[in-house]
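*Asks:* Attaching a single structure in structure tokens format; questions to follow.
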Amino acid sequence: MKKKVLLMGASGSGKTSMRSLIFSNNPASLTARLGATIDVEQNHVRFLGDLILNLWDCGGQDAFMDSYLSTQQSTIFSHVGVLIYVFEVESRNMSKDLAYYTECLDALNKYSPEASVFLLVHKMDLVRGSKGAILEKKTKELRQASGEMSMTVFGTSIYDETLYKAWSRIVHTLIPNASVLSKHLTTLADACGATEVVLFERTTFLVIATSSPPPISTPPAPIEPPAATALSPSTSSSSSTPSTIGFTQSSNQKEDGDDHDSDLTGDIHKLDTTRYERTSELIKAFKHSCARAREEFYALEMELDDFTAVLDELTKNTYVLIVVHNPTIETAAVRMNIRLARKKFE
Ligand code: GTP
């Protein structure tokens, strides 16, 4: 199953930069060297099983935009699953950006009326002052320009986890069996006595699905070790890595009034609301360091005072992260459960 994703927006708004970060694993610092995209560049990424993301990065110079909206209209706008339109937060010509955007919406309505629309207010790192207020103002402006069309707006920057958050949400809407996946991940979480299980796509490290939110319970009752712990000796030879991912942060900052995050608040471990995106970002940076040291990244284990985390391959195209807050549960047992669960996800 191929899903066509159109990536559009003015020239220099940052489309190729985000593609290069997410799909080619390049660091943000190298994006300044990217040249303007000529016409359309296509990428294919295989997600779970037979889901292939077909990404069309459409160069944003006026001449290309005019051609997409005239001679190439049916080629560009047919069979689109998702349109991602990028706006520079400090655009020097917002009225022109909006004029092109509305023309693209009309074409999308004509050729792919079922497509979802996501708008990225990008380069948020450049905003001085209140990012929240600016994003709200921009969102209002974009909603007005979109008329009846329903769309979702994200504030993004290549310099922090917001980009992963937006792209993970977008990709999540494309996965046909996301709720079944989430159910299986919840079963795996229960089997491991885990607080949470997260499934990532292998190359992009975008979040595909997560287990259900941990239960809201008051006293942290002792969790029974899963059956697997009894079977496996403590053979883990994990290295301790500094806790930068923040699974146990106590602040429950709610940044953007987002439902997906709010359903994870109030749990016993006070999970950081940006943990998924930050994990994606950190793992990709770590993989990059491994590549620089000519080492291959296979898996990761962290054993800290208040939690353990195991990140391992689940299927050919996915990695799973299991976070456990019970010191009696050995990482070897978690690994064994991952091994046993593989068949279910293949
Ligand atoms: P066309 O290919 O001409 O359509 O442009 P594009 O939208 O692909 O822009 P591109 O990705 O080439 O980015 C243009 C410039 O924006 C580069 O110098 C990037 O480093 C910079 N850039 C991209 N994302 C961000 C961001 O989040 N923040 C900041 N400050 N700069 C960014």
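Since every read-out is calculated from the coordinates, none of them should be taken as a lab result. Just so it is clear, the model here is predicted, and its values are computed rather than measured. Don't worry about glycine lacking a Cβ; one is built from the backbone with ideal geometry, like all the others, and counts go over all protein chains shown.
*Asks:* Once you've got the Cα coordinates, tell me which of K4/K316; K2/K96; K3/K183 are over 27 Å apart.
*Replies:* From the list (K4/K316; K2/K96; K3/K183), the Cα-Cα distance tops 27 Å for K2/K96.
*Asks:* Residues with beta-carbon under 14 Å from that of T187, excluding T187: net charge, scoring Lys, Arg +1 and Asp, Glu -1?
*Replies:* Overall, the nearby charge balance is +2.
*Asks:* Could you derive backbone 3J(HN,Hα) for the stretch 188-200 from the dihedral phi with the Karplus parameters 6.51, -1.76 and 1.60 (θ = phi - 60°), listing whole Hz in sequence and x where the residue is Gly or Pro?
*Replies:* Taking θ as phi minus 60°, the curve returns 5, 4, 4, 5, 8, x, 8, 6, 7, 10, 10, 10, 10 Hz for the stretch 188-200.
*Asks:* Taking the mean number of other Cβ atoms within 10 Å as a proxy for protection, how do you rank 150-157, 166-173 from highest to lowest?
*Replies:* Listed from highest to lowest mean packing, they are 166-173, 150-157.
*Asks:* Mind ranking 276-285, 127-136 by how tightly packed they are, going by the mean number of other C-beta atoms within 10 angstrom, highest first?
*Replies:* My ranking of the peptides, most packed first, is 276-285, 127-136.
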